[in-house]
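To start, the structure itself, in structure tokens.
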């Protein structure tokens, strides 16, 4: 079978297990997330309203990003670049067909909490996340995507496991979380592709810089959750 990615050692070189551990710790120490997991409707509503501006803008930032092939051709050659791009595009297309729009799932989950998302308050941590997603620095961009995916997966594991949280929704499901836990047995996952392209677009394959960017993104989610909790969680007022 032809290789899909540019590198075969992304998870080991970038210490994916350690990065995932950091994301899990960020989720575990978030008061907002732990209150939601314990069944606080106020916290669940604040989570959905507070993070909605980022969830919405994140999809737009991905759609608007330009991915030049010239740097990849220079680094890996024309044929390897063409092959990997085609296979990655196919994998992403299949994931979109399977998962649908993550932003649309977030909106529907919010409706199941009996809230309507709209002109929600934009707290500083969320603004910083949005700004990071619009970077034109491609290694940094894919590191942001990787950090976001790690947080999304660990957040989903935490909240999907909570019957108290799921009971808050009228359909007793959190579909946004479900799609982030789908297995990708027939091809690379979002995280696989993000890690690979962060390295592929790095002129020097600077593992340390890529890891630091991912860690920065993970930490920024913790800051954003704290800002949302303080500003939008009426249980604290």
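Computed from the coordinates by the stated procedures, all read-outs in this text should not be read as laboratory data. None of the values given here were measured: they were computed from a predicted structure. Reconstructed Cβ throughout: ideal geometry from the backbone, glycine too, with neighbour counts over all protein chains shown.
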>> Running a GNM on the chain with Cα contacts under 10 Å, which residue among 104, 183, 219 ends up with the highest mean-square fluctuation?
In response: 183
> Put a dot 7 Å past each Cα toward the Cβ at residue 206 and residue 67; how far apart are the dots in nm?
Replying inline: 2.3
>> Tell me the angle of helix 207-232 to the major Cα principal axis of the chain, expressed in degrees between 0 and 90 and rounded to the nearest ten.
In response: 20
>> At a threshold of 8 angstrom on Cα-Cα distance, excluding pairs fewer than six apart, so keeping six or more, what relative contact order does the stretch 10-236 reach in percent?
In response: 38
> How many nm separate the modelled label positions at residue 31 and residue 219, each set 7 Å beyond the Cα in the direction of the Cβ?
Replying inline: 2.1
>> To make sure I understand, if each residue's beta carbon is the centre and we count other beta carbons within 10 Å, what order do 175, 92 fall in, fewest to most?
In response: 92, 175
> Where the convex hull is taken over the Cα atoms of the chain, what is its projected area averaged over directions, in nm²?
Replying inline: 12.3
>> On C-alpha positions alone, give me the angle between the axis of helix 78-99 and the longest principal axis of the chain, in degrees, nearest 10.
In response: 20
> Most fluctuating residue of 51, 76, 165 in a GNM of the chain with Cα springs under 10 Å: which is it?
Replying inline: 76
>> Over 22 Å apart: what share of the alpha carbon pairs of the stretch 54-179 falls there, rounded to a whole percent?
In response: 48
>> What do you get for the angle between helix 124-133 and the principal long axis of the chain? Use alpha-carbon atoms, 0 to 90 degrees, nearest ten.
In response: 20
> When the gyration tensor of the stretch 115-237 is built from Cα positions, what are the square roots of 5 times its three eigenvalues, in whole Å, from largest to smallest?
Replying inline: 29, 20, 11
>> Need the full-extension length gain, residue 183 to residue 13, defined as separation in residues times 0.36 nm minus the C-alpha distance. One decimal, nm.
In response: 59.0 nm
